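Written out below as structure tokens is the structure these notes cover.
The values are calculated or read from the model by the stated rules, or taken from the named source; none is laboratory data. The model shown is predicted, which means the values in this text are computed figures rather than measured ones. Cβ placement follows ideal geometry from the backbone for every residue including glycine, while neighbour counts extend to all protein chains displayed.
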Amino acid sequence: MTATGTPPIKPQVAVVYNPIKVNLAKLRVSVAAAESSAGWPEAHWFETSEADAGQQATTDALHAGATIVLVAGGDGTVRAVAEVLRGSAVSLAIVPAGTGNLLARNLQLPLGNIDTAVAIAFGGTDLSMDVGVASITSADHKTTEHVFLVMAGLGIDAQMIANTNSTLKKQVGWLAYVDAGVRALPTLRPFRIRYSVEGRTDRPAHVSSILVANCGLLPGNIQFLPDARLDDGILDIAVLQPKGVFGWLMIWRRVTWENGVLRRSAVGRKIIERTSSTTERVMTTLRGADVRIVLEHPQELELDGDEFGPVRAMTLRADRNSMIVRVPA
């Protein structure tokens, strides 16, 4: 009861779900049990479609009075919902149902357990996080703005997404991206860019890929950018400039051995310091609240695994603490 004796207003959950990714019958049973246990009103349900990745469904959910939007789907559905919720006071809860589930991994949410994920929506706590905002100039000179929650990628990263075999993806999950990456390597051609971090002097680079991250954990528990944080108002940038197969092996060694193992101990960190000059030649890491990238020739772009086609330029920035997400209490 409030001080005036009026019962507190109960939260209203809206479920935005991707029917291709979700076991709808099981999800409905889980949500019904959770809302009954919490004594909350019956949830509203909104389905995504081929024409609507989730933006319109989320808009409809807000119009219906949602205070928590539970999104059940993959990274693309989560990103679409976040585009609408960004800057609002409405919480985002996630039932991971995709291949990568990148944001869910970085938030340490349960994967493959609908009941536990739904329980967090109803009984978890709110956490503020940053949202990446990308202003993109396409190959036909049109400018649009989109959000990303985990990572934006130019070069082999985007080609890997585009080349992923959908059948293999259903069979082996995120390992299909590894297959796509291996197939993309023989045809990979470095490209020229100019980039500027936080308005500083432009720097030229000849790269195979450039990635801009809001958080750094990838499938397989790979710490790609271990300093990346979801709530620091900073984007972490990786400029990849490998020369041949040996260069890619050095990058692989860095993200698996150095980031995943050596960083955990003081001795390991000293080893990294002594060998950093070698790895920095193939993978340069930078940090800043924003970065501007201009390409000599258009290159493919991906945001959280969604393809955006070839782009000529883009400005990416961190919109600090502009999203509320539900995490375990």
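Put simply, of LEU301, LEU218 the only residue that is at pLDDT 65 or above and in contact with a strand residue (DSSP E or B) (Cβ under 8 Å, 6 or more places away or on another chain) is LEU301.
Each residue in the stretch 292-305 was checked for being of a type in the set (D, E, K, R) and surrounded by fewer than 17 Cβ atoms within 10 Å (Cβ to Cβ), and 1 of them qualify. When ARG192, ARG200 are checked against the criterion of being within 28 Å of ASP319 (Cα to Cα), part of a strand (DSSP E or B) and at pLDDT 70 or above, ARG192 stands alone in meeting it.
The selection criterion, being closer than 23 Å to VAL133 by Cβ, in contact with a helix residue (DSSP H, G or I) (Cβ under 9 Å, 6 or more places away or on another chain), at pLDDT 85 or above and surrounded by 14 or more Cβ atoms within 10 Å (Cβ to Cβ), holds for ALA228. Say whether the condition of being under 19 Å from ASP75 (Cβ atoms), over 16 Å from the mean Cα position of the chain (by Cα) and either assigned to a strand (DSSP E or B) or among the hydrophobic types (A, V, I, L, M, F, W, C) (or both) is met by at least one residue in the stretch 284-304. Within the stretch 284-304, one or more residues are under 19 Å from ASP75 (Cβ atoms), over 16 Å from the mean Cα position of the chain (by Cα) and either assigned to a strand (DSSP E or B) or among the hydrophobic types (A, V, I, L, M, F, W, C) (or both). So for the stretch 44-57 (the condition being out of contact with any Pro (no Cβ under 9 Å at 6 or more places or on another chain) and of a type in the set (Phe, Trp, Tyr)), does at least one residue qualify? Scanning the stretch 44-57 turns up at least one residue that is out of contact with any Pro (no Cβ under 9 Å at 6 or more places or on another chain) and of a type in the set (Phe, Trp, Tyr).
Residues are listed down the side, and each one gets a yes or a no for (1) surrounded by fewer than 22 Cβ atoms within 10 Å (Cβ to Cβ); (2) more than 15 Å from the chain's Cα centre (by Cα); (3) in contact (Cβ under 8 Å) with a residue 24 or more places away in the chain:
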| site | (1), (2), (3) |
| --- | --- |
| ALA51 | yes, yes, no |
| THR59 | yes, yes, yes |
| HIS63 | yes, yes, no |
| VAL69 | no, yes, yes |
| ALA97 | no, no, yes |
| ALA121 | no, yes, yes |
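Would you check if there is a residue in the stretch 165-172 being in contact with a strand residue (DSSP E or B) (Cβ under 9 Å, 6 or more places away or on another chain), surrounded by 14 or more Cβ atoms within 10 Å (Cβ to Cβ) and either polar (S, T, N, Q) or modelled with pLDDT under 65 (or both)? Looking through the stretch 165-172, none of the residues is in contact with a strand residue (DSSP E or B) (Cβ under 9 Å, 6 or more places away or on another chain), surrounded by 14 or more Cβ atoms within 10 Å (Cβ to Cβ) and either polar (S, T, N, Q) or modelled with pLDDT under 65 (or both).
Only one entry of GLY100, GLY87, GLY76 meets the criterion of being touching a Phe, Trp or Tyr at 6+ places or on another chain (Cβ under 6 Å) and either part of a strand (DSSP E or B) or under 23 Å from ALA152 (Cα atoms) (or both), and that entry is GLY100. Restricting attention to the stretch 32-49, the residues that are surrounded by 20 or more Cβ atoms within 10 Å (Cβ to Cβ) and either assigned to a strand (DSSP E or B) or touching a strand residue (DSSP E or B) at 6+ places or on another chain (Cβ under 6 Å) (or both) total 2.
Do we have GLY112 as assigned to a loop (DSSP other than H, G, I, E, B) and either out of contact with any helix residue (DSSP H, G or I) (no Cβ under 9 Å at 6 or more places or on another chain) or assigned by TED's automatic domain parsing to the domain that holds ALA53 (or both) here? Answer is yes for this residue.
Does LEU103 qualify as being free of Cβ contacts under 8 Å to residues at least 24 places away in the same chain, closer than 18 Å to LEU217 by Cα and touching a helix residue (DSSP H, G or I) at 6+ places or on another chain (Cβ under 8 Å)? Judged against the criteria, LEU103 is not a match.
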